[in-house]
Every structure is written in structure tokens, then in C-alpha cells.
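Novice: Take this structure, written in C-alpha cells, and hold onto it; I'll ask about it next.
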Amino acid sequence: MAHSSLNDRTVVDFTKLLLGDLEEVKRLQNEFESNGWCFMRLPDGNGQLTKKLHETQMNLETFFSQERSEKSKYCSSNGFGYSRVDHKESIRVLMDQYGFQKYDPPLTDNVDRTLRYLTILLDNLTSVIRSIISKMPIMAQSFTKTAVSMSHLRMLDIAHYFNERTGAAEPPEVGVNTDEVNCVPHFDPGLFSLSILSTCDGLQLKDRASHQWIDGPVNVEHNQHSIGVVWLGEAASILTENHFKAGIHRVVYPRTPHQSRIAIWLEVCTESQIELSLKQENEEDSLIPGGTIIQMDNQPGSLPVRARFGGERVRRFLRRMERERGLSLSKSATTKVLRLRHKRKRQLEEEQKKSTNNTEEVV
């Protein structure tokens, strides 16, 4: 029996997974072991999913088309609700099996209804996918599950990329900042994410064997309406001792210049992701000493970053990374930043102690 494909890649069938088709489960596992991501055909229900996602797109476009001054009143003081940086604006909410959690300030009634629909849809879809992943032998037999604390909360992201920059005629081999790409190559910290909407080209996923970038689905095109993308995060790689790979992905500028893009996805998160995102902007957090060299370990091919003179608070540093690299605060490798911070702190303490001892010897 022939299997469906997109851009010469396997498209796993969600309905077959739901029915317990062992061959389909094996195909999903193979994709996770090789690249950490797969395309997935979602149940459309005689066009109902396509219709509802089109309505969702229209509602979001109405909200995003408001004047910037009008939307500024919705800006959140933490990582949830509405936010904006130079190249994109976002709506992000936390959800569980009971729906999405309240955020402040609230958005419009239309957006609120859209969020309610998306939380129900994505809860149903991701619950099935998570159940299937957890029953795969390599996950069930893992001896390192305590290495990652998973949250009962999930994170719904809606991003509106302005695409005011044109980018290169040909996408770069890597893409190290937002001058070159909308979002640099990276993998997420969580267990997995499910993307269900992309209104134009931009999302690309890494083939680890060929080192090629594979275009994701464009869900407004007729033959791609109900094709989603599942990519694994670092937590899945840790829990399976790297038998499952973390899915590397990026967002490039579209082939049609200045074509804005709306994307919707949900991530099954770790506790540390949630804790960092819930912090208020003015809340005190750890200081990275000035001059610390930081390699963001979830950004393959990225350049090291130096903390600014005088030091930077972790949250402020990650906000800078969002502006410069397009990677939101909740997706950044915060454990690496903190690890380097503590390493640098110990080095400074040792140097200070050594200096004190030398002074005593001179005296």
C-alpha cells in the first residue's frame, strides 16, 4: 500500500495511529529516530478542520491588523498573553485538560473564542500523540526519566511574522540572526510540539542525514490543508538517551517578499520552561557576569554570545536573543546559561581567593 508524502517525506496518518495500526506507529518511530520530526495528516472530518482553521486564521488576522498603538494596551508583563518584538508579534497561553489559563490583560472576544477552540482541538490531538509516544518501547524502558521534570501544562503559541525584511535570494546554509532568517535553527526544550497552521512558506526542518532543509506544509494550499508537523524536543532526546532525536527547525523569510505569516503550534513543556516564562519582567533573576561567553546549546551552528559589560540578568539576556535570533524566551537553552553563569562565578571566586592568598604571602 502506497503511503502519502510531502516534499519527498513520509506523512504519518493520525487516524491510523489512533486505531492502533502498528505499521503506522513503527513509521512514526522511525522518523523520530532518524530526524526527530515528521509530517502528520490530521483528521479533517469532511473538511471541518480546514474550515475551522480558516475561520481561526481570519479572526487572528483581524486582531493583528489593528494599529500598533491599539494593540499596545494588550502587552503582557510576563511570557503569556500578547507580546511584540521587532520582527513578530505573538499570543501565548498555558493550557491543561480543562482549557487555557487566564492571562492579563485579556484580548478581544473573538481571540478568546479562537483560543477556546484551539485548546480543545490541540488537547485532543496532543493527548493521543503523547500516549502513543509514551508506549513506544524505547520510551517505556527509559532509565533516565527523572532527568527531566515534565509539566502538566502545555504552551499554545500563535506567531505573526511581519516579514518586512526580504532576506537572501537563497536561504542561508544556517542562518545566525534575524538579518538572515526569522528564527535561527534550534530545537525546543520540551517533549514535543505539534504545528497545525502555517499560512505561507517559512518553516523548515533539518534532515540530519543529508543536512538539507525540508520545507514544512503550507496549510492554505489545497493538498496541504490538514497536514501538521510533530517535532520532538530535548526532553524526548534525554528520556530516550538520544535514541529519539530532537527535531531541528528554523523559520526563513518567504519566497514572496513581505508576505506575512501566521503560525500555530502547541508544545508539551518541561517545568523549567513554565517557571521561567511565568516570571514578571521586573522580577529579580540570576545575573550573568559581564564578559561571560555563552554557547546556546540548542542552536546548532550558532555563534557564541558575550554577556554585556556589567553583566546581564538571565531574562534580559534571553529577551535580547529573541530580538537578535528570533527564538522566544521559553524556547531558549536556559540551563546552559545558568550552568555557564555558575561556572563563571566559581572561576571568579577562585581567582579572588588566589589573589587574596598571594597578597597574604607578600605581606
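The values are calculated or read from the model by the stated rules, or taken from the named source; none is laboratory data. Here the structure is a predicted model, which means the values were calculated and not measured. Quick reminder, even Gly has a Cβ in these numbers, built from the backbone with ideal geometry, and neighbours come from all protein chains shown.
Novice: Does VAL85 fit the bill of being in contact (Cβ under 8 Å) with a residue 24 or more places away in the chain, β-branched (Val, Ile, Thr) and within 27 Å of MET321 (Cα to Cα)?
Specialist: yes
Novice: Inspect region 272-287 for any residue being under 22 Å from ASN7 (Cα atoms) and in contact (Cβ under 8 Å) with a residue 40 or more places away in the chain and give the result as yes or no.
Specialist: no
Yes or no, residue by residue, for (1) among the hydroxyl-bearing types (Ser, Thr, Tyr); (2) surrounded by fewer than 16 Cβ atoms within 10 Å (Cβ to Cβ); (3) part of a strand (DSSP E or B); (4) out of contact with any Phe, Trp or Tyr (no Cβ under 8 Å at 6 or more places or on another chain):
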{"site": "VAL230", "(1), (2), (3), (4)": "no, no, yes, no"}
{"site": "LEU266", "(1), (2), (3), (4)": "no, no, yes, yes"}
{"site": "ASN298", "(1), (2), (3), (4)": "no, no, no, no"}
{"site": "PHE317", "(1), (2), (3), (4)": "no, no, no, yes"}
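Novice: Scan region 170-187 and tell me whether some residue there is within 19 Å of TRP231 (Cβ to Cβ), among the hydroxyl-bearing types (Ser, Thr, Tyr) and in contact (Cβ under 8 Å) with a residue 60 or more places away in the chain.
Specialist: no
Novice: Test THR62 against the stated conditions and say whether it is touching a Pro at 6+ places or on another chain (Cβ under 7 Å) and in a helix (DSSP H, G or I).
Specialist: no
Novice: Further, regarding this structure: Considering only residues of region 180-220 that are of a type in the set (Phe, Trp, Tyr) and surrounded by 23 or more Cβ atoms within 10 Å (Cβ to Cβ), which is farthest from TYR253 (Cα to Cα)?
Specialist: Here the answer is PHE192.
Novice: So, one more: Do the conditions hold for GLY45, that is, is it assigned by TED's automatic domain parsing to the domain that holds LYS206, part of a loop (DSSP other than H, G, I, E, B) and either within 16 Å of PRO137 (Cα to Cα) or of a type in the set (D, E, K, R) (or both)?
Specialist: Criteria not met by GLY45.
Novice: Continuing with this model, one more query. Residues in region 65-74: is at least one surrounded by 13 or more Cβ atoms within 10 Å (Cβ to Cβ), assigned to a helix (DSSP H, G or I), out of contact with any Phe, Trp or Tyr (no Cβ under 6 Å at 6 or more places or on another chain) and on the phi < 0 side of the Ramachandran plot?
Specialist: yes
Novice: I would also like to ask the following. Every residue in region 178-189 that is in a loop (DSSP other than H, G, I, E, B) and in contact with a strand residue (DSSP E or B) (Cβ under 7 Å, 6 or more places away or on another chain), please.
Specialist: VAL181, ASN182, ASP188, PRO189
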